[in-house]
Amino acid sequence: MDLEERAKKAGADYRKEEEGEKIILHFFSEPYHIQFPQIEFYSPSKKTVSLVTRILLLHYLIRADGNPLTGRWVAYKDIQEACFMRVFFARRVTDPLQRRFGMTAESFKETGIKSGEIL
């Protein structure tokens, strides 16, 4: 696969270096470096790059079609290839949040405001 073309379609930075090729993708405001041909992941903040994050980055890099980002969030149920993940996402994220904060976005927001996480 042409990595420079993939980077362009994904809106990522592409660099050719002595060690090989590098693509830098931004994910949740964090730059992630992918070094090729080793396919090694690096985060400048020295966070461990989880397996899930690595899979998501590579999947996006492979599937990006060059359309600009819209800035809108997309639910798992709206991504045909990810529909199988809905159950896992609900079990690990949505259900615990609903048990803790209730069924309304307002109660979640109020808790965030009280904790100082939302200004």
Within region 62-119, the residues that are outside any helix (DSSP H, G or I) and in contact (Cβ under 8 Å) with a residue 60 or more places away in the chain are none
Could you tell me whether residue 92 is among the basic types (Lys, Arg) and under 30 Å from residue 23 (Cβ atoms)? yes
When region 77-114 is checked residue by residue, the ones that are open to solvent by less than 60 Å² (accessible area, probe 1.4 Å) and either in contact with a strand residue (DSSP E or B) (Cβ under 8 Å, 6 or more places away or on another chain) or closer than 18 Å to residue 28 by Cα (or both) are 93
Taking region 1-50 and the residues there that are part of a loop (DSSP other than H, G, I, E, B), among the polar types (S, T, N, Q) and on the phi < 0 side of the Ramachandran plot, the one that is surrounded by the most Cβ atoms within 10 Å (Cβ to Cβ) would be 43
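The values are calculated or read from the model by the stated rules, or taken from the named source; none is laboratory data. Note that the structure is a prediction, hence the values are computed from the model and not measured. Note: ideal-geometry Cβ built from the backbone for every residue, glycine included; neighbour counts use all protein chains shown. Protein only, heavy atoms only, side chains kept; ligands, DNA and RNA dropped before computing areas. Shrake-Rupley method; radii C 1.70, N 1.55, O 1.52, S 1.80 Å.
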